[in-house]
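Visitor: Take a look at the following structure, please.
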Amino acid sequence: MPYISTRDGRAPPARLSFEDALVAGLAADGGLYVPEAWPRFDAAALKALAGKSYAEIAAAVMEPFIENTLARDAWQRLVAEAYRGFTHEAVAPLKQLGASLWLMELFHGPTLAFKDYALQILGPLFDAVLARRGERVTVIGATSGDTGSAAIEACRDRSSIDIFILYPHRRVSDVQRRQMTTVDSANVHAVAIEGTFDDCQDLVKAMFADGPFRARLNLSAVNSINWARIMAQVVYYVAAAVALGAPERPVGFAVPTGNFGNVYAAHVARRMGVPIAELIIGTNRNDILARFINQGRMTIGAVEPSLSPSMDIQVSSNFERLYFELAARDGAAVAAAFRAFRETGALPASPALWQEARALFAAHRVDDDETRATIRETWRATGELLDPHGAVAVAAARAVRRDPQVPMVALACAHPAKFPEAVTSAVGFPATPPPRLAALLRRPERITVLPNELAAVERFVRERARRPQEVATP
Ligand SMILES: *Cc1c(COP(=O)(O)O)cnc(C)c1O
């Protein structure tokens, strides 16, 4: 499957292999990579997935996207290995909340949030491709909490990757810090910076801007816009739809949304032939997407903190992939629209484009009080404890779903024990930490604190990144 950039205005656009799109992440023209066409799963192909394990479904759903990047048996082994460490047999289990309302639990991976479902594939895939090319990379990222630990878990012990994650000293939660500082792997370096999250991000940008440093260490970003992450997220939509009766019976999904990656993956599943009748975007008070779908204007506001911090975002990077499709895949138009968005804070969208987006997605904004009320009511009615992000999805599903005959699946994107304050504020007690989290609290931490100075951070990275000869060959 060839990949093209959403901002390539040439006719025809440049076509990259999966492998090149994977390693590049972001296109040089600032666009995002998308497949040139959607692979199709017809009714017979969907039927053939019934009763299969999550890893089997995953290998089959992703295969057309990666084509022959890896031999089929090596690919199937990689996928099986990626999900082996998940702590639920079903990997992404469904729980029934009401007559036709379901919860899909996406928190059974190593860091207890849904980003593991994609990053656990991305890490070994990246490693396999780099090893074959004889390349090594130094992954550098800044985190305000959750993405850093998911990236660390994905990259730990990989021979072609060293990973350095900067986080603001004393400004992340205890659990978030421990998820990074208790990892005992020679290629993992979590670094506390004496500064804020913005300082950490500025240091990362400065390292990328330092040409000789960037080249010497072959820097790579932990970015949330890599196509491979979308591809891996398509899998659980297919698995849930098949479990609930696809291809005969359509389903709906309600997705707590920040960067638009997760709900966009559901849209990709629909384009591939999964009968998805309704797609609902749930947002918190940072509701730029809900305002766009309901009012037709996408204008940036200030990011405000909420009970669901992983959705405290104003610019949803992956929205550009949908826009590209709605703009008839006109790369020049997309480039111009997103340039204007950056300059003016408003994304140009014609009434026709807006109507098309509304036909594909419904959206609803859920404030903190409604989030708490949803956690409380769901606990009373079902005994299930929702995390604040999952609660936004459940509330949005209840508010705007159209057809109760279509089973609706709300996504629980994090384990409630990751957000003890929010859960306690709703029900009066925190969720019991699963064994993995409880064990984390007992492991020793390795904490490195560095000043907020580029030279000190670069020196640390240079000294700690492994040279090729230090990497054990298997
Ligand atoms: C990342 C994240 C989200 C938002 O997902 P997007 O793909 O960015 O829309 C929602 N909930 C949790 C728990 C997350 O970690």
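Visitor: Can you find a residue in region 159-174 that is in a helix (DSSP H, G or I) and modelled with pLDDT under 90?
Guide: yes
Visitor: Inside region 245-276, can you point out the residues that are among the hydrophobic types (A, V, I, L, M, F, W, C), away from the ligand (no atom under 16 Å from the Cβ) and assigned to a strand (DSSP E or B)?
Guide: Residues satisfying the conditions are VAL251, ILE276.
Visitor: For the subset of region 180-194 comprising residues that are assigned to a loop (DSSP other than H, G, I, E, B), over 22 Å from the mean Cα position of the chain (by Cα) and not small (Gly, Ala, Ser), which member is surrounded by the fewest Cβ atoms within 10 Å (Cβ to Cβ)?
Guide: Step one: of region 180-194, the residues assigned to a loop (DSSP other than H, G, I, E, B) are 182-187, 194.
Remaining after also requiring over 22 Å from the mean Cα position of the chain (by Cα): 182, 184-187, 194.
Then keep just the ones that are not small (Gly, Ala, Ser); that gives 182, 184, 187, 194.
Details: THR182: 17, ASP184: 11, ASN187: 22, GLU194: 13.
Here the answer is ASP184.
Visitor: When you scan region 195-215, do you find a residue that is more than 16 Å from the ligand (Cβ to nearest atom), crowded, with 22+ Cβ neighbours inside 10 Å and in a loop (DSSP other than H, G, I, E, B), even just one?
Guide: No; the residues of region 195-215 include none that is more than 16 Å from the ligand (Cβ to nearest atom), crowded, with 22+ Cβ neighbours inside 10 Å and in a loop (DSSP other than H, G, I, E, B).
Visitor: I'm trying to understand the selection: among the residues of region 145-168, which are under 15 Å from the mean Cα position of the chain (by Cα) and either of a type outside the set (A, V, I, L, M, F, W, C) or under 21 Å from VAL457 (Cβ atoms) (or both)?
Guide: Hits for region 145-168 are GLY145, ASP146, THR147, GLY148, SER149, ALA151, ILE152, GLU153.
Visitor: Same structure again: Which condition number in (1) at pLDDT below 95; (2) within 30 Å of ASN262 (Cβ to Cβ); (3) not in a helix (DSSP H, G or I) is the one that ALA439 fails?
Guide: Unmet for ALA439, out of (1) at pLDDT below 95; (2) within 30 Å of ASN262 (Cβ to Cβ); (3) not in a helix (DSSP H, G or I): (3).
Visitor: Same structure again: Only one of (1) within 15 Å of the ligand (Cβ to nearest atom); (2) surrounded by fewer than 20 Cβ atoms within 10 Å (Cβ to Cβ); (3) among the polar types (S, T, N, Q) is not met by ASN286, so which one is it?
Guide: Only one criterion in (1) within 15 Å of the ligand (Cβ to nearest atom); (2) surrounded by fewer than 20 Cβ atoms within 10 Å (Cβ to Cβ); (3) among the polar types (S, T, N, Q) is unmet by ASN286, namely (2).
Visitor: Six or more apart or on different chains, Cβ under 8 Å: which pairs go from a residue in region 246-266 that's modelled with pLDDT of 95 or more to one that's assigned to a strand (DSSP E or B) and among the charged types (D, E, K, R)? Could you list them?
Guide: GLY252/GLU278; PHE253/GLU278
Visitor: Counting only residues that are more than 30 Å from ALA399 (Cβ to Cβ), modelled with pLDDT of 95 or more and either of a type in the set (Lys, Arg) or not in a helix (DSSP H, G or I) (or both), how many does region 70-106 have?
Guide: Selection size over region 70-106: 8.
Visitor: Which residue, of LEU279, LEU347, is out of contact with any Asp or Glu (no Cβ under 9 Å at 6 or more places or on another chain) and in contact (Cβ under 8 Å) with a residue 60 or more places away in the chain?
Guide: Values: LEU347 fails: in contact (Cβ under 8 Å) with a residue 60 or more places away in the chain.
The match here is LEU279.
Visitor: Kindly provide the set of residues from region 368-411 that are in a helix (DSSP H, G or I) and charged (D, E, K, R), ordered by number. Spell out how you get there, then give the answer.
Guide: At the first step, the residues of region 368-411 found to be in a helix (DSSP H, G or I) are 368-382, 388-400.
Once the filter is applied, which keeps residues that are in a helix (DSSP H, G or I) and charged (D, E, K, R), region 368-411 yields ASP368, ASP369, GLU370, ARG372, ARG376, GLU377, ARG380, ARG398.
Visitor: Suppose we filter GLU81, GLU19, GLU63 for residues that are of a type outside the set (S, T, N, Q) and within 23 Å of GLY273 (Cα to Cα); which single one remains?
Guide: GLU63
Visitor: How many residues does region 397-451 contain that are buried (at least 16 other Cβ atoms within 10 Å of the Cβ), charged (D, E, K, R) and within 16 Å of the ligand (Cβ to nearest atom)?
Guide: Qualifying residue count, region 397-451: 1.
The values are calculated or read from the model by the stated rules, or taken from the named source; none is laboratory data. Model, not experiment: these values are computed from the prediction. Here the Cβ is made from the backbone with ideal geometry for all residues, glycine too, and neighbour counts use every protein chain on show.
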